[in-house]
Amino acid sequence: LLRLGESEYGFIGEVWRDDAGAPYLKIFTLSNIAWDEATHAMVERERLLGLEFHNLQTLFGAALLSGEPVIANDAPNDPRSGGGLPPGHQALDTFLGVPLHFGGELVGMVGLANRRPGYDEALLTALDPLFQCMAAIIASVQLDRQRRAAEIALRTSEEHWRQSFEMAGVGIAQTGPDGRLLEVNARFCEIVGRSRGELLGCDVRTLTHPDDRAADMAALEQLVSGATTRARREKRYVRPDGSAVWAQLTVTPVRD
């Protein structure tokens, strides 16, 4: 990009948004123009996490806020340049800021500096295919980042659910509409006196006292048909040694 743009230095940044929805730049890819040990250390430290720039009273801020390219061929005197550069910063004589759009969304920005004698519309046209490619890459990176974040959130949620499920002081079981057990927690295993391996795939009717099976199936049919949204009843489970254990049962359908 620097070679094709005949520029001394530049950056490619992503557009992020704060909690209020305001855009700011997060830059992972940039020319290192650090002017002393402190700024050099800062760039090397922060570039992995992305250098954040929230001050939009700048030339690149003008491009972000307008969504249009900014050409400043007299950057030091341009009213959009804000408060100037920090002491020691490499000179900024000319500047080109190009917002990158993908699918109608502002996803990033390119900044180039110090092309002589300056930047123009002809250069913008010549570099447009490269800008479009960059926008597609940034959009792909952002989509992948969102996907990975969603996967982490889902795993965390599943882990929390699993902990709650397993640590519950009451027996919990999930069955299919045919009555076969899909999942059971430790307490349910204790109540019916069987291991998880024995229970998974087992028809819950085989665990139920013969005198309670008809009422069980009638309640299940009502839940599956939608005639009722919750069933509460007392029933007896039969343990392997033949003994019966009474349980207060609450059943709720889960639909997809």
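Descriptive notes on the structure:
- Mean shadow area of region 119-256 over all directions, Cα convex hull, nm²: 13.6 nm²
- Available extension along the chain between S31 and L143 is 37.8 nm, counting 0.36 nm per residue and deducting the alpha carbon span.
- As a calculated quantity, the FRET efficiency between R47 and R162 at R0 = 51 Å, using C-beta atoms, amounts to about 0.85.
- With 5 Å bins beginning at zero, the pair-distance distribution over Cα atoms of the chain amounts to 1, 5, 9, 12, 11, 8, 5, 3, 3, 4, 5, 6, 7, 7, 6, 4, 2, 1, 0 %.
- Using a Gaussian network model of the chain in which every pair of alpha carbons under 10 angstrom is joined by a spring, one finds that among G118, G82, G193 the greatest mean-square fluctuation is at G193.
- Charge sum, other residues only, whose C-beta stays under 11 Å from D178's C-beta, Lys/Arg counted +1 and Asp/Glu -1: +1
- Charged side chains reduced to their Cβ positions (Lys and Arg at +1, Asp and Glu at -1) give region 1-139 a dipole of some 140 debye around its Cα centre.
- Degrees, to the nearest 10: 121-167 long Cα axis against longest axis of the chain: 30 degrees
- R3 paired with R116, simple spin-label distance in nm, labels 7 Å along Cα-to-beta-carbon: 2.1 nm
- Applying a DSSP loop filter and a limit of 15 other Cβ atoms within 10 Å to the trypsin sites (Lys or Arg not before Pro) in region 210-256 leaves R230, R255.
- Debye intensity ratio in log₁₀ form over the Cα atoms of region 42-87, taken at each q of 0.23, 0.24, 0.28 Å⁻¹: -0.88, -0.91, -1.00
- For F60, the accessible area of its heavy atoms, probed at 1.4 Å with every protein chain present, is near 30 square angstrom.
- The stretch between R196 and L130, if pulled fully straight at 0.36 nm per residue, gains 18.0 nm over its current Cα-Cα span.
- Compactness relative to 2.2 N^0.38 Å, alpha carbon Rg of region 25-130: 1.09
- The charge dipole of region 125-191, taken about its Cα centre with unit charges on the Cβ of Lys, Arg, Asp and Glu (plus for the first two, minus for the last two), comes to roughly 80 debye.
- Dividing the summed -39500 (n - 2.57) terms of all DSSP H runs of n ≥ 4 by the residue count of the chain sets its mean residue ellipticity at 222 nm at -11500 deg cm²/dmol.
- In this Cβ point-charge picture (+1 for Lys and Arg, -1 for Asp and Glu), the chain has a dipole of about 1280 debye about its Cα centre.
- Pairs of Cα atoms nearer than 8 Å and 6+ residues apart set the relative contact order; for region 1-77 it is 22 percent.
- C-alpha center-to-center spacing [region 118-141, region 37-106] in angstrom: 16 Å
- Our estimate of slack between V245 and T229, defined as 0.36 nm per intervening residue step minus the Cα-Cα distance, is 3.2 nm.
The values are calculated or read from the model by the stated rules, or taken from the named source; none is laboratory data. Predicted model only: the values in this text are computed from it and were never measured. No Cβ is skipped: glycine too gets one built from the backbone with ideal geometry, and neighbour counts run over all protein chains shown. Note: areas computed on protein heavy atoms with side chains; ligands, DNA, RNA excluded. Shrake-Rupley method; radii C 1.70, N 1.55, O 1.52, S 1.80 Å.
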